[in-house]
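Read the structure below first, then the notes.
Read-outs: derived from the displayed coordinates by stated rules, not from any lab. From a predicted model like this one, the values you see are computed outputs, not experimental measurements. Reconstructed Cβ throughout: ideal geometry from the backbone, glycine too, with neighbour counts over all protein chains shown.
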Amino acid sequence: MKIAMLGVKSVPCAGGIATYTLQLGTRLVKLGHDVTVYCRRSHLEGPAERKPRPYRGINRRLTPGISGKYLDAITHTLTSALDVLQSDYDLIHLHGSAPGVVLPLLRLRSGLPIVTTVHSLDWEGAKWGPAATAAMRLAARVPVRYSDRVTVVSERLQRYYADSFGVETTFIPSGVEMPQLLGANEIGRRWGLQEGGYALFVGRMTPEKNLELLMEVWAQLNTSLKLAIVGGIKPGDAYTQRIMGLAPGNVVFTDYQTGDTLGELYSNARLYIQPSSLEGISMSVLEALSYGRCVVASDIPGNLEALGRCGYTFEAGNAEALTAALQQLLTDETLVRDQFDRARDHVQSRHNWDVTAAQFDQLYRQLQESRDHRFERQAIGFAEGSMAGDEQVTPSK
């Protein structure tokens, strides 16, 4: 099947949805699908090619958008939808509820199956004002009405859509690759990070990640460990500059990293810290668990669901609680070591990308089959109607 994926910044790119799309897309390609991801030029890695080359088998297509905090995502999704209407895709897979406002437009192409995956409740992000929050709450209703199937990445989201909209969604867990652990080679040369010598955070530097809390706590800890912050550094972004300004001297900002460099960072961290105030289900927590890391996370629903029975939690937003959890783990190495097998077993049993891709493959084929049957019934009805019309005889006067 020819599948178009919309609502994504780019692949590869920092962020949970981009990671999700990349991992799912590469496996769908291996299952025989032709996958195209619509990308924003500003988030494309490397030279801004007019026609970017495929990445790990995924076709990448650029459409324009209006840059800006409120317009970038929606205008890019709109131009992507217009391009889809002129193309011959067999199915559309949209990521996120807010971009779903383009779904009525896509319905202009009759019979095109649409799947929407909801990754989080977008309006809960701290960066949005009252008007944007209200708009996104309304937008969450659109996929319910215009999608052939809505899937969710967490049981919490499934409950929300059932309670709020009375709709049955399909829960398909996010997958995680089970990695090989790597030595501290490049990260040692570039940032002086050694095995077991640092704690780690991976993610976007945005308000809902609550990095102010982490900087406050880390500045007060009596520890020789470094803290590595792995996330895109935007020179002109006020929040990024605020976090960097709050950081004590033993904090290292590595910028966005991928591939083996990111693998080394996960492999050699003593602790992984997730202080978020909001998560759908944290992909970075799942990745940290896949490397057998000891995770310390805020007790929000998205983190609790990702952790299962692994890791350690603290009350979200509570600096004293985070400090106490870190001090306990820094003084008792046994608590850290005990997490290795438990974390990897949890991810391997519940978050397998191959299983996730197989579930979507089955869903896509069901929708295509349903569409084909509908077309067959319409064709038969049309033919029968035509035959009945041909049999009518107008009496002569």
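Details
- Computed over neighbours whose Cβ is under 13 Å from that of residue 147, the net charge equals +2, Lys and Arg +1, Asp and Glu -1.
- Simple point charges give the picture: +1 on the Cβ of Lys and Arg, -1 on the Cβ of Asp and Glu, and for the stretch 186-350 a dipole about the Cα centre of about 260 debye.
- Environment charge at residue 15 (Cβ cut-off 11 Å; Lys +1, Arg +1, Asp -1, Glu -1): +2
- Long-range tail of P(r) for the chain (Cα pairs > 39 Å, %): 22
- Helix content alone sets the calculated 222 nm mean residue ellipticity of the chain: runs of n ≥ 4 DSSP H residues at -39500 (n - 2.57) each, divided across all residues, give -13500 deg cm²/dmol.
- Mean sequence separation of contacting Cα pairs (under 8 Å, at least six apart), scaled by the length of the stretch 126-176, corresponds to a relative contact order of 31 percent.
- Additional length obtainable on full extension of the chain from residue 138 to residue 222, 0.36 nm per residue less Cα span: 25.5 nm
- Pairs of Lys residues in the chain, spaced 8 or more positions apart or belonging to different chains, with C-alpha separations under 26 angstrom: 19 in total.
- Exposure proxy order (Cβ contacts within 10 Å, fewest to most) of 29, 355, 84: 355, 29, 84
- Taken about its Cα centre, the chain carries a charge dipole of about 1000 debye when Lys and Arg each add +1 at the Cβ and Asp and Glu each add -1 at the Cβ.
- Distance-filtered residues of the stretch 186-226 - backbone nitrogen under 11 Å, label point 7 angstrom along residue 315 Cα→Cβ: none
- Modelled FRET efficiency - R0 30 Å, residue 361 with residue 180, Cβ distances, 0.05 increments: 0.70
- Mean Cβ count within 10 Å, highest first, over the residues of peptides 289-301, 211-223: 289-301, 211-223
- The order of 361, 341, going from fewest to most other C-beta atoms within 10 Å of their C-beta, is 341, 361.
- When only alpha carbons are used to place a centre, the stretch 261-322 and the stretch 183-207 end up 15 Å from one another.
- Each of 244, 205, 136 has some number of other Cβ atoms within 10 Å of its Cβ, and from fewest to most they run 244, 136, 205.
- All-pairs alpha carbon distance profile, the stretch 186-350, 5 Å steps from 0, percent: 1, 9, 20, 23, 23, 16, 5, 1, 0
- Residue-span extension gain [residue 56 to residue 31] - 0.36 nm each, minus C-alpha spacing: 7.7 nm
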